[in-house]
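K.L.:
Handing you this structure, nothing more for now.
We did not get these values from a lab; they are worked out from the coordinates using the rules stated. The structure displayed is predicted, hence computed values, not measured ones. Don't worry about glycine lacking a Cβ; one is built from the backbone with ideal geometry, like all the others, and counts go over all protein chains shown.
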Amino acid sequence: MATGSINHIFNKLPQVIDRSVTRIYASDFGNITSIGSYTFYNCSSLTSITIPNSVESIGSGAFENCSSLTTITIPSSVTSIGYTAFYNCSSLKSITIPNSVTSIGNYAFSNCSNLSNVIMKATTPPILGTNAFASSGITATTGEIRVPFSFDHSILNAYKTATNWSNYADIISEATPVIEV
């Protein structure tokens, strides 16, 4: 099994990766800790990916131009999403960002023209890079960004006032509270 960064496996041996791959499962990765920059760049047939729990970072452009990508599972081990990580993933409609993510890079989801639903699990807003959702279905007035519910609305207010998140204040709302009896 591989360890370290997956770009060592794929980017160092570009003749090995089949850019027409359609699905990638967590078991395909081995025990890697990062998905390196541009690892799956231009894998335009890729429709779904499940990132393993060992991954802590998604590098710049890691999934850039994966225009058929509709489903991605990001585990709670991931702490950073790099610059242009999902740029031009035009088939992506919804994404759930786990509570472990502390930073989302510039242009991370730009040109994801069908992206209209972002579910944030973090109670503290991650650092959001400039134009993270530029030219996507998430704009200042369209789409939806859901954040965790809090009775005092402190989480909602934190997102609405945080740097770069404040650009989307009108579309940020709280998730429906789960009440267990």
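K.L.:
Report the extension gain between T102 and T79 in nm, rounded to one decimal, defined as 0.36 nm multiplied by the number of residues separating them, less their alpha carbon distance.
P.N.:
7.7 nm
K.L.:
Return the FRET efficiency for the residue pair T139, V181: r is the Cβ-Cβ distance, R0 is 41 Å, and the value is rounded to the nearest 0.05. Mind showing how you got there, number by number?
P.N.:
On the way: r = 39 Å, r/R0 = 0.94.
Using R0 = 41 Å, I get an efficiency of 0.60.
K.L.:
Let me ask something else. Which residue, Y168, Y83, Y107, has the most motion in a Gaussian network model of the chain that connects Cα atoms within less than 10 Å?
P.N.:
Checking each option, the largest mean-square fluctuation is seen for Y168.
K.L.:
Relative contact order for segment 3-174: what is it in percent, counting Cα pairs under 8 Å that are at least 6 residues apart?
P.N.:
Relative contact order for segment 3-174 comes out at 14 percent.
K.L.:
About the Cα centre of segment 3-174, how large is the charge dipole given +1 on each Lys and Arg Cβ and -1 on each Asp and Glu Cβ? Please answer in debye to the nearest 20.
P.N.:
Working: 7 positive and 8 negative charges, 40 e Å.
Computed charge dipole of segment 3-174: roughly 200 debye.
K.L.:
Another one. With volume of the Cα convex hull per residue in Å³ defined as stated, name the option among (1) 104; (2) 113; (3) 150 computed from the structure displayed.
P.N.:
Comparing each candidate, only (1) matches the computed number.
K.L.:
Given charges of +1 on the Cβ of Lys and Arg and -1 on the Cβ of Asp and Glu, with all other atoms neutral, how large is the dipole of segment 105-181 about its Cα centre, in debye to the nearest 20?
P.N.:
Dipole about the Cα centre, nearest 20: 180 debye.
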